[in-house]
1. Scan the stretch 185-218 residue by residue and report those that are small (G, A, S) and within 16 Å of D69 (Cβ to Cβ).
2. Checking the conditions here, which among L46, L39, L125, L115 is at pLDDT below 90 and either touching a His at 6+ places or on another chain (Cβ under 9 Å) or at negative phi (or both)?
3. Just wondering, is there one or more residues in the stretch 128-135 that are surrounded by 19 or more Cβ atoms within 10 Å (Cβ to Cβ), without any contact (Cβ under 8 Å) to a residue 60 or more places away in the chain and out of contact with any Lys or Arg (no Cβ under 8 Å at 6 or more places or on another chain)?
4. Considering the stretch 67-81 alone, what residues qualify as being surrounded by fewer than 19 Cβ atoms within 10 Å (Cβ to Cβ) and either in contact (Cβ under 8 Å) with a residue 60 or more places away in the chain or outside any helix (DSSP H, G or I) (or both)?
5. Mind checking which residues of the stretch 186-216 are surrounded by fewer than 21 Cβ atoms within 10 Å (Cβ to Cβ), part of a helix (DSSP H, G or I) and among the β-branched types (V, I, T)?
6. Just for the stretch 13-27: of the residues that are in a helix (DSSP H, G or I) and either of a type in the set (D, E) or modelled with pLDDT under 95 (or both), which one is surrounded by the most Cβ atoms within 10 Å (Cβ to Cβ)?
7. What are the pairs, 6+ residues apart or on separate chains, where a residue within the stretch 88-103 that is surrounded by 19 or more Cβ atoms within 10 Å (Cβ to Cβ) has its Cβ under 8 Å from a residue that is not in a helix (DSSP H, G or I)?
8. Name the one entry in L115, L84, L64 that is assigned to a helix (DSSP H, G or I) and within 13 Å of the chain's Cα centre (by Cα).
Amino acid sequence: MGIVFLLAILCELFMVIYVSMEIKEKYLPAVIYKGIASLFFVVIGLVGSSGGRTDNLVILGLVLGFIADILLNLQYLLDKNGKLVFAIGAIVFLAGHIAYFAAIYPLVSNHALFLLLGLAVAVVLEIILFKLTTVDKVMLIFGIIYVTFVTLLTSISFGALVERMTNFSILFFSGIFLFLASDVVLIVNYFGQRVRNSLRFLNGVLYYTGQILVAISLIWLQG
């Protein structure tokens with residue numbers, strides 16, 4: 001466990017450096033430090049994995065998250081293809097969440113209940129977010145799809161926690177819940193009235209802590 005906690009601390013440390021570089025508009029160092037930070041949560045997952053089906057899907061989600069993190073920041077370095085790279089990064093990131101969904105879904109028996117709960121929460125959350133932000137139609141459509149899916153993922157993870165309260169389900173749900181929280185902060189900050197640097201750091205802390213918790217949960221998957 002000592003190595004895992006060390007990797008987690010290094011992950012958060014490099015996250016702080018990456019956000020600091022991004023605020024200073026030093027985008028190349030920001031991409032490098034962000035990539036290193038994201039690599040740490042992948043390594044944590046590999047250390048904790050026992051190689052089963054659920055483990056492999058979670059590892060896939062972590063790897064896709066790592067790739068997406070780099071692609072999303074490469075947009076600042078590519079003037080002509082920045083939007084395309086961002087779109088690809090967003091799709092890869094969503095694919096990572098789909099991998100998490102596929103990992104946790106079989107561990108829940110009452111799917112309908114928790115999916116309906118997730119849809120209800122998603123509708124309320126989207127109404128609130130759209131009142132706080134201004135986006136174009138393309139971003140609006142993608143935002144609805146993305147927020148809905150992440151909320152469903154959170155709800156299904158909550159279902160796993162309710163039905164099977166283990167160290168794995170507690171950590172996994174906590175990580176996914178932090179994803180949702182980080183997305184809310186991100187949307188409000190970047191599509192609201194103005195960008196706040198304090199919210200950039202908060203978003204980073206929520207996101208990376210979420211990935212770390214999901215990765216660490218694999219240690220107790222059989223718990």
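The values are calculated or read from the model by the stated rules, or taken from the named source; none is laboratory data. Keep in mind it's a predicted model, so treat the numbers as computed, not measured. Note that each Cβ is placed from the backbone with ideal geometry, even for glycine, and that neighbours are counted across all protein chains shown.
1. Kept after step one, since they are small (G, A, S), are these residues of the stretch 185-218: 192, 198, 204, 210, 215, 217.
Within the stretch 185-218, G204, G210, A215 qualify.
2. Numbers: L46 fails: at pLDDT below 90; L39 fails: at pLDDT below 90; L115 fails: at pLDDT below 90.
Within the list L46, L39, L125, L115, the selection yields L125.
3. Step one: list which residues in the stretch 128-135 are surrounded by 19 or more Cβ atoms within 10 Å (Cβ to Cβ), which gives 129.
Those left that are additionally without any contact (Cβ under 8 Å) to a residue 60 or more places away in the chain: 129.
Adding the requirement that they be out of contact with any Lys or Arg (no Cβ under 8 Å at 6 or more places or on another chain) leaves 129.
Yes: one or more hits.
4. Y76, L77, L78, D79, K80, N81
5. Hits for the stretch 186-216 are V188, V205.
6. First, pick out the residues of the stretch 13-27 that are in a helix (DSSP H, G or I): 13-23, 27.
Subsequent filtering for residues that are either of a type in the set (D, E) or modelled with pLDDT under 95 (or both) retains 22-23, 27.
Values: E22: 20, I23: 13, Y27: 15.
Taking the candidates together, the pick is E22.
7. Pairs found: G89/Q75.
8. Numbers: L115 fails: within 13 Å of the chain's Cα centre (by Cα); L84 fails: within 13 Å of the chain's Cα centre (by Cα).
Unique residue meeting the criteria: L64.
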